[in-house]
Each structure stands twice: as C-alpha cells, then as structure tokens.
Amino acid sequence: MGLRVAWDSLWRGEEARVICMPVSYVKALQDTAIRDLKASGIANDNKYGSFVSEGDVLCAWLARLAIANQPGKKSVSIMNAIDIRSILGGPDDLLPADRAYVSNAVLALYALLSRDQVLSQSLGHLAASIRESITNLGTREQAEAYAGMARQSQIDTGYPPVFGDAWTQGLVFSNWTKINYFEPDFSAAIVGTPKEDGAKSPGRPTYIQMSGFYKGMPLRNSFSIMGKDVDGTYWLNAVFPKGVWSRITANGEGTLNGLFVIPDVRAKL
C-alpha cells in the first residue's frame, strides 16, 4: 500500500479545503446515526451500544465523502489518532498526569472495512464501526503492542506500519476538539469597547488555519477535525488528491448543501 501511495504522489498533486459545518448540521447527522442504530437493534447490543460521538459521526461522513468520489478500491483503512496520555497517565506511569509532556503522544487506531461497507452501511453503522475500533484498540495492552510494532517498522523501513493490502485506500483522521483551539480568550487585547456585532465571545478565535507537512509521506486523504467555535460550528480540514474536490462539486448530490467550503490556497499542489 505504501508503494502505491508513493507512486500516486509522483503523478498527482493534492488539494485541501476547509469545511464549515454548523451545529444544526452536526446535530442532524448525529441524530440520524443514533436512529440508525436504534432501528437496527444494534443499540441494544453490548458490542456497540447506542453511543456514537460527534467525532465518530464526522469521521463516518468524511469517509463516505472520500470513498464515494475516488476510484474503487476493495478495502478501506480508517485510521484515527488518539491521545494516550490518559492510558499512560498513572502516578507512577510513563506520563504522570501531574507533569507536563509537550511532545506528541498518540496511538494510531485502525478500522478495516470493505468499500461496500463504507458506502452501503447506514451512517450509524459506519460510525459504530469506528467507535468499536477506538474502544477495542485504545487500551494499554494495544498501545504497547502497537508501539513495539511501530518501533520495529521504523528500524526496518524508516516508516510507521500501515495495514491493508496493496490496494487498500487509507484514510487518516485526527480530532483536535479536546485541545480547545477556539477557547483562548484574547479579549484583554481589544482596544476600546467591543463592537456590538453579535459576537458571543469577543476576543476568541472564529477561524483557525492549519497547514501540515510530513517529510516523505503525502497528506492526501487526511482529515483534521480542528474543533468547534463558540457557536458550536465545526471546522474540518480535508486533503484529497487533485481533482477529487471538483468531482465532489460536479456530482451535485447535495453532499455539501448547507455547508461553507473554503479553498486552502496554501495547500501543497
């Protein structure tokens, strides 16, 4: 899979867009997902339950958007990066909660599905599959197992491990909502009396621009959930191979109706 991605990167550029998703849109998606689970009886299954987070639903929605608008692959790998400070955060553990650790401390969790599952399952089923991977793989034992595998892969190849066959479509997700990027309060820097422009919290960020670079690996099919602002609006960054965004727009299926999509002029082309 890694060789195919590297080959594709030589011939196709990348395009990024920022999606502005209002709170009403997100709520409608989550309500739909929960109804799907309850209607199918999965909500009463201990394996799944009825809980799917907003992040699970956004991942499922973006995964569908990605797979529906790219050439068919038989299998799909949905990777979520999670913070492992809580897993390793005991008083005498590797990352004690009362001490600062400023580097990244993440674990990659994978949900391996077929293309048909991504496109034909209900939104709730797909979100539940993502939630299941997070629940089952986000443990201390799994973190240690993956760390050992990743270390050996770096020694052998210089890259982290990837999962799937040569034609698996890899999707990478990172949810930054808990970082609270939209929470810093700069109101003390406002000169004079804030204008009465309807802003709920003057001095707080209303937009964040992210730019990512990874030496030796493309950013295509990567998605960052940057968080939600004071109004509850989610901001999502999506990077696709060049041409996919125009295909999404041309499909005219209403996928992006009600959303505001911002071109990212600083994306790598």
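We did not get these values from a lab; they are worked out from the coordinates using the rules stated. These numbers come from a predicted model, not from an experiment. Cβ atoms come from the backbone with ideal geometry, glycine included; neighbour counts cover every protein chain shown.
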Residue-count net charge about Asn104 - beta-carbon cut-off 12 Å; Lys, Arg +1, Asp, Glu -1: 0
Packing-based exposure ordering (other Cβ within 10 Å, fewest first) of Glu14, Glu141: Glu141, Glu14
Inter-probe distance in nm under a simple model that places probes 7 Å from Cα toward Cβ, at Ala250 and Thr135: 4.1 nm
For the range 174-188, 3J(HN,Hα) per residue [Karplus equation, 6.51 cos²θ - 1.76 cosθ + 1.60, θ = phi - 60°, Hz, x = Gly/Pro]: 9, 9, 9, 4, 6, 6, 6, 4, 8, 8, x, 10, 9, 4, 5
Sequence-distant residues sharing a close amide H with Asn175 (under 5 Å, placed H): Ala81, Ile225
